[in-house]
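Asks: Below is the structure I would like to discuss, written out as structure tokens.
Laboratory data are not the source of any read-out in this text; all were calculated from the coordinates shown. Keep in mind that this is a model prediction, so the values were computed, not measured. So basically every Cβ, Gly included, is an ideal-geometry build from the backbone, and we count neighbours across all protein chains shown.
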Amino acid sequence: MGNQVEKLTHLSYKEVPTADPTGVDRDDGPRIGVSYIFSNDDEDVEQQPPPQGPDGGGFPDSGDGPPLPPPQPYDPRQHEVECSVFYRDECIYQKSFAPGSAALSTYTPENLLNKCSPGDLVEFVSQAQYPHWAVYVGNFQVVHLHRLEVSNSFLTDASQGRRGRVVNDLYRYKPLSPSAVVRNALAHVGAKERELSWRNSESFAAWCRYGKREFKIGGELRIGKQPYRLQIQLSAQRSHTLEFQSLEDLIMEKRRNDQIGRAAVLQELAVHLHPAEPDEGESDAARTTPSPRPRPPAPGSEEEDGEAVTH
């Protein structure tokens, strides 16, 4: 069952003392965490998404070959993974495709602007792309972490043509005030590379809104039992659970699942984990405790020059 974690991107790490430089979390002292040297998330390897039609599908080919089928609208239920995240027994994140739910509906960037308020979290999605998160700060602009730099961009530019939605309700933490969220985001504009404390756009945007150090690199203890669980919904009756030592690790896997798509995730679980139909009296949820396996960086990639960063 450990084969699932071969897809994780833990390459090399060491333990370093960490503390929150902003002082948002005052309940604990410095913690020992893991500062990862390499990353394989969207900020480093993301390619430009293909041109999309108004419904999120691709434009037909204008070449001389046979006509392509009409573009299909982007359907979160088809491309995304329905899942929940638990810290011990508390649900801290949930993406549900329950009937009648419109929370995951997507909009063109122009229409999305009409639904945004300062302090909102925005997610841009596209098939076969990592989801990209940003903080709406007003005046048609967002602040987001992209390609190892925190930037202030117009929402339409940050979308890169992808459809988007407001995702304030996915995480269940208590949010900061809208003014504090905007202030957190704008305070880090221009930060890049070694100055960064986040692995990806989602972790940065979520930290701005909730102020929790768990979203930061090495923000929590990684010793002992895995307290985080990612519950992947396989069907209406069945699920599979992966366990993690940190929220940072879990977010990386959750984002990878959205990037490869629902069908690929289900295929991986079927091939590598061989989930059997539950016998009578057994739980419907299968569980795996992943153990990261190192793998060398790809030649010529940015990972080759990575160094440990202490925050």
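Asks: How far is it, in nm, from the label point at Ser153 to the one at Leu113 when both lie 7 Å from their Cα along the line to the Cβ?
Replies: About 1.6 nm, to one decimal.
Asks: Please work out how much length the chain gains when fully extended from Asn139 to Gln160, using 0.36 nm per residue of separation minus the C-alpha to C-alpha distance, in nm with one decimal.
Replies: Working: separation 21, 0.36 × 21 = 7.56 nm, distance 1.82 nm.
Difference between extended and current length: 5.7 nm.
Asks: Would you calculate the separation in nanometres between label points at Leu221 and Ser96, each defined as 7 Å from the Cα along the Cα-to-beta-carbon direction?
Replies: Each label point is offset 7 Å from its Cα along the Cβ direction, giving 3.2 nm.
Asks: Continuing with this model, one more query. Once R0 is set to 35 Å, what does the formula 1/(1 + (r/R0)^6) return for the Cβ-Cβ distance between Arg238 and Tyr173, expressed as a FRET efficiency to the nearest 0.05? If you can, show how the numbers build up before the last one.
Replies: Numbers: r = 28 Å, r/R0 = 0.80.
Given R0 = 35 Å and the Cβ-Cβ separation, E is 0.80.
Asks: Also: Order 75-81, 120-126 from most to least packed using the mean count of other Cβ atoms within 10 Å. Display every interim value, and only then the final one.
Replies: Working: 75-81: 16.9, 120-126: 23.7.
In decreasing order of mean packing, 75-81, 120-126 become 120-126, 75-81.
Asks: Report D for segment 95-235 in µm² per second (integer): Stokes-Einstein, Kirkwood Rh on Cα pairs, 20 °C, 1.002 mPa s. Don't skip to the end; give the middle numbers.
Replies: Details: Rh = 15.8 Å.
Stokes-Einstein gives a translational diffusion coefficient of 135 µm²/s.
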